[in-house]
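Contents: one structure, followed by commentary.
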Amino acid sequence: MPLKPSLLAAAVATLLAPSAWAQAQDAARPTTVLDTLIVTGTRIADRTVAESQSPIDIITAESLQATGAGELATALARALPSLNFPRPALTDGTSGVRPAQLRGLAPDQVLILVNGKRRHLSGLLNINGSMGRGSSAVDLNAIPVSAIERVEVLRDGASAQYGSDAIAGVVNIVLKGAGEGGSLAVDHGRHSKGDGARYQLSGDTGLGFADGRGRLHLAGQLSQQDETNRSGPYQGTAPHTGNFPGVGETAFIIGDPQAQTAAVAANGSFDFSDSVSGYASAIASNRDITSFAFYRSRTHGGEGALLAQVYPDGYVPEINQYLKDRSLVAGVKGGTDGGFNWDVSYNYGYDLIDFHTRNTINYSLGTASPSSFYDGALEYTHNILNADFTQSLDWGLAYPVTLSFGAEYREEKWNQSPGEPGSYEDGGAQGFPGFTPVNAVHAKRHNWAAYAGLEGDFTENFSAGLAARYEDFSDFGSETSGKLSARYAFSDAVALRGTVSTGFRAPSLAQQGYQAVSSIIDAGVFTERGTFPASSAAAQALGAQPLQAETSTSYSLGLVLQPTDRLYVTVDAFRIKIDDRIVYSSNITATPAARALLTGLGLSPVDRFAYFTNALDTTTEGVDVVATYTVPLAASSLALTASYSYNDTEITRAADSPAVFADLGITTSLIGRDELGRIEESFPKDKGILGAAWTSDRWTLGVNATRYGDFTVRNAAGTARDQRYGEQWVVDVSASFRPSAAWTVTLGADNVTDSYPDRQVNELNSTYGVFPYSNYSPAGFNGAYVYGRIAYRW
């Protein structure tokens with residue numbers, strides 16, 4: 001389908017805006033990121049950013065480290081207007097392993113690569129009320145920033161090139177691999193409120209061996225992050241009856257979690273001969289994350305007498321996640337004088353999350369109840385074999401044409417393991433009940449894929465590419481995707497590029513297999529909540545269908561302008577249509593008839609239930625604009641950047657509730673209006689970044705101003721509790737001084753103006769003042785963060 005005329009008109013109008021810059025005086029063109037050879041979205045070895053047929057961003061190591069962020073996802077969100085990374089709180093596991101989204105799509109609709117190889121998923125499934133609810137995504141923050149050479153972000157569908165998940169685009173993290181040089185840095189910072197202190201030690205070093213035939217680069221990062229708290233005083237139920245007397249502003253803990261991180265990475269290669277080399281990379285990280293549940297007053301759940309003995313002032317349960325993340329990629333590659341290149345590799349990925357609930361109680365165990373419980377684990381593993389080949393073909397054109405083809409075999413496993421009995425029996429641990437043996441899952445599948453592509457510069461001005469991929473999954477069937485891309489340069493200053501592609505995302509094993517039946521205490525009453533796998537007898541009796549792959553069709557059309565050697569502008573409009581989008585249903589109230597149905601199946605009845613379903617079709621349209629301009633000065637330079645992203649998602653089909661709902665007397669919608677709102681408008685539709693960096697031989701001064709557009713959060717209860725949150729500006733500044741070539745001292749402030757998002761105005765949404773801010777706030781709600789860094793390089 002064609003792009004909307006309104007979007008094309010907006011793109012053309014944007015192109016006209018920088019025309020005044022084209023009057024600038026030409027000078028010798030400096031080496032910039034435009035000259036960077038890219039490895040994402042192409043099989044041609046010498047393709048650069050400026051020559052790419054698809055929009056691609058290069059985020060350098062210097063850009064990542066120019067912020068006070070110690071997390072990769074946070075640093076990327078400050079550099080990319082198309083990436084959104086909110087910071088939810090009180091969302092159980094999602095408070096610690098936060099999801100990021102590209103172009104307004106789901107966190108698991110973007111493919112993450114490391115050195116061009118697929119990165120494994122996290123074991124976590126986001127099932128709480130946060131952005132990306134229901135998604136199973138990669139944990140970006142398990143990768144140490146100190147190990148990264150650059151990040152290539154392909155803003156285009158690429159399933160035909162890389163397989164499942166590459167609907168919104170591809171993020172390829174390229175690790176440092178030089179056999180020399182290195183750095184050591186110490187960071188410290190805290191928020192202007194006095195909390196959230198962070199201490200970090202990071203470094204890397206390159207080693208050469210075997211007379212230069214071998215190269216190994218090592219990197220590591222140790223950090224400690226204290227929690228932040230932006231809760232308000234509990235005011236009691238309307239009209240502020242104060243039914244929990246003595247609950248002050250610090251009783252609830254709403255903000256960033258406590259986190260201790262240790263991460264290491266190694267990336268190396270060895271030349272066996274002039275034509276054959278081996279390579280390997282490994283990343284390992286351990287993180288100890290403590291987030292917080294709702295405050296329990298001394299009268300919580302009608303257990304006042306018990307709590308008066310154990311927690312006389314009430315308590316805040318702590319949800320502790322201990323994450324172990326491991327990856328290893330090893331391969332051999334080579335080439336011949338005839339232009340034939342090959343690459344065979346093995347890829348192992350593993351992610352384990354152990355859950356504990358601490359500072360808690362199981363009411364059924366009385367005063368003898370332990371205060372800490374092991375709740376179980378979530379675990380993901382993949383093993384991948386890849387064989388990739390390219391052949392240079394001489395067709396008598398200006399340049400050779402590259403034929404690429406290859407195959408892949410992937411095996412995946414996902415386990416959900418139970419906790420100790422006290423964590424789940426009779427209501428379980430308050431704050432986060434454990435997984436039960438009945439809920440244990442051991443899921444696995446395998447798939448194989450074959451792909452082929454053809455790409456080349458067919459004339460001096462015209463380049464094009466064609467790719468196709470077939471994948472067959474053991475658990476739901478096969479998918480085929482294709483992509484056509486082209487670029488035409490009218491001159492050195494103006495080029496037109498575009499792509500048409502189909503794509504898919506396979507349902508994750510976690511989405512297919514996750515199950516949980518847990519008891520919670522609500523006003524002194526035990527309430528059973530259940531999530532059933534879509535393929536289970538329980539879910540199918542309640543109207544579910546086995547999950548299928550999401551499929552997509554994407555179009556992009558862009559203009560590339562380089563009117564002078566120092567100015568570079570790209571404008572890319574896009575349209576992404578996704579069919580059979582997988583979503584997590586509402587928590588549906590079970591009627592007596594539904595409970596009787598489950599009992600008839602030999603299952604425990606529940607009071608509320610949910611399952612995953614291919615219930616939606618969506619269309620996302622938008623435009624991305626990126627402009628860079630360099631001003632050479634007498635003994636320094638000034639780099640100016642401006643980037644803007646707009647995307648609008650519309651639900652074009654929402655499945656009706658299953659017919660069995662009517663038979664069972666269920667009136668709750670399968671997909672609630674809150675979930676529909678999460679997909680359509682609970683994130684900013686537009687985001688813009690203005691940046692300037694002045695650099696001399698001794699100083700670097702930087703400022704970035706980010707504007708987050710407005711967003712709206714819908715409430716499941718109805719429009720009366722909906723709220724629109726206005727735009728927000730966040731300004732980051734930093735100053736670095738180099739007393740010598742080796743040493744750099746940096747002082748900076750993120751959100752230097754101490755900007756906060758709009759407050760929640762509805763007392764029910766804010767839990768009567770406790771939640772001042774929305775979990776969907778794209779810049780978080782911690783306020784200003786001031787930091788310092790001392791770095792040494794060699």
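Derivation of every value follows stated rules applied to the coordinates shown; laboratory data play no part. Worth saying up front: this structure is predicted, and the values here are computed from it rather than measured. Cβ: placed from backbone, ideal geometry, glycine included. Neighbour counts: every protein chain shown.
Calculated FRET efficiency, residue 591 to residue 470, Cβ-Cβ distance, R0 = 45 Å: about 0.50 to the nearest 0.05. Rounded to whole numbers, the Karplus 3J(HN,Hα) couplings from phi for segment 466-472 are 9, 9, 9, 9, 10, 10, 10 Hz, using 6.51 cos²θ - 1.76 cosθ + 1.60 with θ = phi - 60°, and x at Gly and Pro. What residue among 578, 368, 613 has its Cα farthest toward the positive end of the dipole of the chain, where the charges are +1 on Lys, Arg and -1 on Asp, Glu, each on the Cβ? Among 578, 368, 613, the one farthest towards the positive end of the dipole of the chain is 368. The charge dipole of segment 92-188, taken about its Cα centre with unit charges on the Cβ of Lys, Arg, Asp and Glu (plus for the first two, minus for the last two), comes to roughly 160 debye. Full extension of the chain between residue 490 and residue 276 gives 73.1 nm of extra length, using 0.36 nm per residue less the Cα-Cα distance. Take the Cα of residue 211, step 7 Å toward its Cβ, do the same at residue 601, and the gap between the two points is 6.9 nm. A simple charge model with +1 on the Cβ of Lys and Arg, -1 on the Cβ of Asp and Glu and nothing else charged puts the dipole of the chain at about 640 debye relative to its Cα centre. Mean sequence separation of contacting Cα pairs (under 8 Å, at least six apart), scaled by the length of segment 377-429, corresponds to a relative contact order of 43 percent. Taken as Cα centroids, segment 142-176 and segment 296-353 sit 20 Å apart, rounded to the nearest whole angstrom. Going 7 Å from the Cα of residue 762 toward and past its Cβ, which residues in segment 712-742 have a backbone nitrogen under 13 Å from where you end up? Within reach of a label on residue 762, which here means backbone N under 13 Å from a point 7 Å along Cα→Cβ, segment 712-742 contributes 712-725. Each peptide in 129-138, 663-672, 540-549 receives the mean, over its residues, of other Cβ atoms within 10 Å, and ordering these scores from highest gives 129-138, 540-549, 663-672. Between residue 755 and residue 442, the simple label model (points 7 Å from Cα in the Cβ direction) yields a spacing of 5.2 nm. Toward the positive end of the charge dipole of the chain, about the Cα centre and with charges on Cβ (Lys, Arg +1; Asp, Glu -1), which of 778, 221, 263 goes farthest? Farthest towards the positive pole: 778.
Rounded to the nearest 20 debye, the dipole size of segment 663-723 about its Cα centre is 260 debye, using +1 on the Cβ of Lys and Arg and -1 on the Cβ of Asp and Glu.
Taken over the C-alpha atoms, segment 439-575 has Rg and Dmax values of 23.9, 75 angstrom.
Once the Cα-Cα distance is subtracted from the 0.36 nm per residue extended length, the residue 299 to residue 407 segment shows a gain of 32.8 nm. Mean separation of Cα pairs under 8 Å and 6 or more residues apart, divided by the residue count, gives segment 276-363 a relative contact order of 35 percent. Working from the Cα coordinates of the chain, the gyration tensor eigenvalues give, after taking √(5λ), semi-axes of 44, 31, 27 Å in decreasing order. Kindly express, to the nearest 10 degrees and within the range 0 to 90, the angle between helix 5-16's C-alpha long axis and the longest C-alpha principal axis of the chain. Long axis of 5-16 versus the principal axis of the chain: about 50 degrees. Helix-only arithmetic for the chain: the sum of -39500 (n - 2.57) across DSSP H runs with n ≥ 4, divided by the residue total, places the mean residue ellipticity at 222 nm at -2000 deg cm²/dmol. Sequence-distant contacts, meaning Cα pairs under 8 Å at least 6 residues apart, place the relative contact order of the chain at 12 percent. Between residue 528 and residue 635, full extension at 0.36 nm per residue minus the direct alpha carbon distance yields a gain of 31.6 nm.
Near the amide H of residue 135, within less than 5 Å, lie the amide hydrogens of 126, all on another chain or at least 5 residues away, with H placed in the peptide plane.
With a Cα cut-off of under 22 Å and a minimum spacing of 8 residues unless on different chains, the lysine pairs in the chain number 17. In segment 433-565, a dipole from Cβ-located charges (positive for Lys and Arg, negative for Asp and Glu) runs towards its positive end, and of 535, 556, 502 it is 535 whose Cα lies farthest in that direction. How many angstrom separate the Cα center of segment 698-714 from the Cα center of segment 646-687? Rounded to whole Å, the Cα centres lie 30 Å apart. Estimated from the Cβ-Cβ distance and a Förster radius of 51 angstrom, the FRET efficiency linking residue 740 and residue 346 is about 0.70.
Here the 3J(HN,Hα) profile of segment 581-593, calculated from phi with Karplus coefficients 6.51, -1.76 and 1.60 at θ = phi - 60°, is 5, 8, 9, 8, 5, 5, 7, 8, 5, 7, 7, x, 5 Hz, Gly and Pro shown as x. Rounded to the nearest 0.05, the FRET efficiency derived from the C-beta distance between residue 478 and residue 790 at R0 = 51 Å is 0.40. Averaging the Cα positions of each part gives two centres, and for segment 77-130 and segment 550-579 these lie 23 Å apart. With the simple spin-label model, which puts each label point 7 Å out from Cα in the Cβ direction, the residue 656 to residue 364 separation comes to 4.1 nm.
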